[in-house]
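Working notes for the structure below.
The values are calculated or read from the model by the stated rules, or taken from the named source; none is laboratory data. The structure displayed is predicted, hence computed values, not measured ones. Here the Cβ is made from the backbone with ideal geometry for all residues, glycine too, and neighbour counts use every protein chain on show. The protein model used for the area step is the full one, side chains on, heavy atoms only, and it has no ligands, DNA or RNA in it. Shrake-Rupley method; radii C 1.70, N 1.55, O 1.52, S 1.80 Å.
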Amino acid sequence: LSVAVLISGTGSNLRALLEAAEDPDYPARVVVVGADREADGLAHAEDFGIPSFTVPYAHYATREEWGAELSAQLAVWQPDLVVLSGLMRLLPREVVDEWAPNLVNTHPAYLPEFPGAHAVRDAIEAGVPQTGASVIVVDAGVDSGPIVAQERVPVLDGDDEHSLHERIKPVERRLLIDVVRRVATGDLDLTSP
Ligand code: GRF
């Protein structure tokens, strides 16, 4: 299965996928990494010799124009699956329509709890005893698509946004690696998750 990964940040989930794909028995390969800015995580693509591209959000007058270029760049690589892993942008509907359902997103909360860009901070502020990690099929909403994997993560006394996010990310990585494997083996059919 050929996978494109889109990031905005450190790309720790991307790195985990790249490391998993090093195993010759893992049925997926990352073929390209894309970003909406000069993300630190692009260095992981370089480390693994994977091509990458950036479509800087700031260079476009509208989200739609940005999305059209992003989609065009993705199309060059003909990925079977597009993984949003720390892409901190909402995709225009046209981009979702073009790539879904072969378009999944990792989210650091137990959806539908805490959707949106500040899920970990929101969980801290809500004072909940547990949150989680989720992988969903992307739809045109905000973290509102069908859930394909999720797992609870405890919130510990004294946690702040960073410590909680660092506890969530390893769970996210494990869920993501497993979802990509299940899509590759046909065990998970994204058209009917
Ligand atoms: C991940 O928790 C992702 O779900 C969220 O932002 C974080 C990105 O982390 N959207 P990284 O860039 O993969 O380290």
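Report the extension gain between E94 and Y60 in nm, rounded to one decimal, defined as 0.36 nm multiplied by the number of residues separating them, less their alpha carbon distance. Could the numbers behind the result be given before it?
Details: separation 34, 0.36 × 34 = 12.24 nm, distance 1.60 nm.
Additional length available on full extension: 10.6 nm.
With the radius of gyration and the Kirkwood radius both derived from the Cα set of the stretch 75-141, what is their ratio Rg to Rh? Working shown, then result.
On the way: Rg = 13.5 Å, Rh = 13.0 Å.
We get a ratio of 1.04 for the stretch 75-141.
May I ask for the Rg/Rh ratio of the stretch 31-87, computed from Cα atoms with Rh as the Kirkwood radius, given to two decimals?
Numbers: Rg = 11.3 Å, Rh = 11.9 Å.
Computed over Cα atoms, the ratio is 0.95.
What does the extension gain come out to for F48 and V76, with contour length at 0.36 nm per residue minus their alpha carbon separation? Please report the intermediate quantities before stating the final value.
Numbers: separation 28, 0.36 × 28 = 10.08 nm, distance 1.97 nm.
Result for the pair: 8.1 nm of gain on full extension.
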TODO: Determine the per residue accessible area of the stretch 27-146 with all protein chains present and a 1.4 angstrom probe, expressed in square angstrom.
DONE: 46 Å²
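Give me the percent of accessible area attributable to carbon and sulfur for the stretch 1-98, probe 1.4 angstrom. It would help to have the intermediate numbers written out before the result.
Working: 2210 of 4580 Å².
Ligands and nucleic acids excluded, carbon and sulfur reach 48 percent.
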- [ ] Positive end of the charge dipole of the chain (Lys, Arg +1 and Asp, Glu -1 on Cβ, about the Cα centre): tell me which of A43, S144, P79 has its Cα farthest that way.
- [x] P79
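Could you sort D47, D139, D157, D25 by accessible area so the largest value comes first, with the probe set to 1.4 Å?
Values: D47 105, D139 55, D157 160, D25 135 Å².
Descending order: D157, D25, D47, D139.
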Open item on the list: About the Cα centre, and with charges only on the beta carbon of Lys, Arg (+1) and Asp, Glu (-1), how big is the dipole of the stretch 136-193? Nearest 20 debye, please.
Closed with: 300 debye
Task: Nonlocal amide H pairs with G34, under 5 Å, H built at 1.01 Å - done: V5, L6, I7, F53
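May I ask you to compute the full-extension gain from E38 to R182, defined as 0.36 nm times their residue separation minus their alpha-carbon distance, rounded to one decimal in nm?
On the way: separation 144, 0.36 × 144 = 51.84 nm, distance 3.08 nm.
Stretched out fully, the E38 to R182 stretch lengthens by 48.8 nm.
Return the ratio Rg/(2.2 N^0.38 Å) for the stretch 33-168, where Rg is computed over Cα atoms only.
Working: Rg = 15.9 Å, N = 136, 2.2 N^0.38 = 14.2 Å.
So the stretch 33-168 has a normalised radius of gyration of 1.12.
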